[in-house]
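One structure below.
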Amino acid sequence: MVLSLDTPLDMHLHLRDGEMLEIVAPLSAETFSGALVMPNLVPPVTTAQMVRDYRERIAKAQGAHRFVPYMTLFFRSDYTPEFLEEVRDEILAIKLYPAGITTNSEGGVSGFDLEELAPVLGVMSDLGIPLCVHGETNGFVMDREAEFIPIYERLAQAFPDLKIVMEHITTKEAVAALDRYENLYATITLHHLYITLDDVAGGLLQPHLFCKPIAKRPEDRTALLNVALGAHPKVMFGSDSAPHPREAKEAPGCAAGVFTAPLALQGLAQLFDRHGALANLQAFVSDNARRIYGITPPDKEVVLEKSPWLVPEIYEGTVVPMFAGQSLEWRVVSAK
Ligand code: NCD
Ligand code: ZN
């Protein structure tokens, strides 16, 4: 059996910098036509020059593959209208992190005072810059996303013309919120469609499945599967592929992030196939994102076939992927 995907997009990707960028950028660029690149570098991407320089480093690292890095800026409440106008053409979205909630988010927002955020959000709304949000409070780890939903609702109500993307949703509460507000959208990762907290910590601890938001309960995964497999028009694939060096994962104080970029399409094909939903994968992995963001990425046809593919144990001796050393039921046969 063969599956052809037209212009796959990854609408939430961590490409990092330096040596890690060199390793991971070609892996995404090979099978994806474009990706929304997260700005949580050290220091975070906060100026037009930083956006331009990072885009150039990505372009160098991605090799000959046809691939567009859609850039993002790290949200700050003190951006001026003039700056936002200047940076508008360099970016596709602005990413808001609560302070300290995940990897390299120390410079994020504390307190969610709508009055403090309003000036920047108002200008973003006027300029048509979507807001991508890491929606977690600093409450109990399993409840953080559900507790954040009222904040999403306040934002969605206060800025009805602002496109708000709930990033990497993991709960049935977030799925339910999608249909309550016209301007709320969501990305869903590969790993949250496969795993629950049991897979992370139910047996021996699996550091390579540890990420933020933490994987949740079976009923949450079911809710995510329903909208992803059903090609809900407001959900997009965003891998949140977040590589860390092996020694940062297999360590006390394990870094959060699952590395999935090189196996994302194979893993999605396996999942959609097992659920008899292959016909909906195109919408989830490309069409919805193109419509929601209004982008026209370069054409790329990726052909997959149903035959076993062994996921590498490690890439460049540095970064361990999800499903390392395991066999997936689908492989990529060509991407052009
Ligand atoms: C991401 C990272 O490592 O940058 N980690 C993660 O667990 N997902 C940051 C993020 O998206 O939360
Ligand atoms: Zn992320």
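Points worth noting:
- Residue 65, sole failed condition from (1) outside any loop (DSSP other than H, G, I, E, B); (2) touching an Asp or Glu at 6+ places or on another chain (Cβ under 6 Å); (3) not β-branched (Val, Ile, Thr): (1)
- Index of the failed condition, residue 120 passing every other in (1) farther than 16 Å from residue 45 by Cα; (2) outside any helix (DSSP H, G or I); (3) not small (Gly, Ala, Ser): (2)
- Applying the criterion of being crowded, with 22+ Cβ neighbours inside 10 Å and aromatic (Phe, Trp, Tyr) to the residues of the stretch 250-301, the residue that is farthest from ligand 2 (Cβ to nearest atom) is 272.
- Any chance residue 192 is within 16 Å of ligand 2 (Cβ to nearest atom) and either in a helix (DSSP H, G or I) or touching a helix residue (DSSP H, G or I) at 6+ places or on another chain (Cβ under 9 Å) (or both): yes
- Criterion: in contact (Cβ under 8 Å) with a residue 24 or more places away in the chain and surrounded by 23 or more Cβ atoms within 10 Å (Cβ to Cβ) - qualifying residue of 41, 3, 21, 36: 36
- Of 39, 43, all but one fail to be within 16 Å of ligand 1 (Cβ to nearest atom) and either part of a strand (DSSP E or B) or within 14 Å of the chain's Cα centre (by Cα) (or both); the exception is 39.
- Selection status of residue 137, of a type in the set (S, T, N, Q), touching a Lys or Arg at 6+ places or on another chain (Cβ under 9 Å) and within 16 Å of ligand 2 (Cβ to nearest atom): no
- Taken over the stretch 101-125, the residue count meeting the criterion of being at positive phi, in contact (Cβ under 8 Å) with a residue 24 or more places away in the chain and more than 18 Å from the chain's Cα centre (by Cα) is 1.
- Residues that are touching a His at 6+ places or on another chain (Cβ under 7 Å) and away from ligand 1 (no atom under 16 Å from the Cβ) within the stretch 226-250 comprise just one, 229.
Here, each number is a calculation from the coordinates, and none is a lab measurement. This is a predicted model, so every value here is computed, not measured. Glycine gets a Cβ as well: all are built from the backbone with ideal geometry, and neighbour counts include every protein chain shown.
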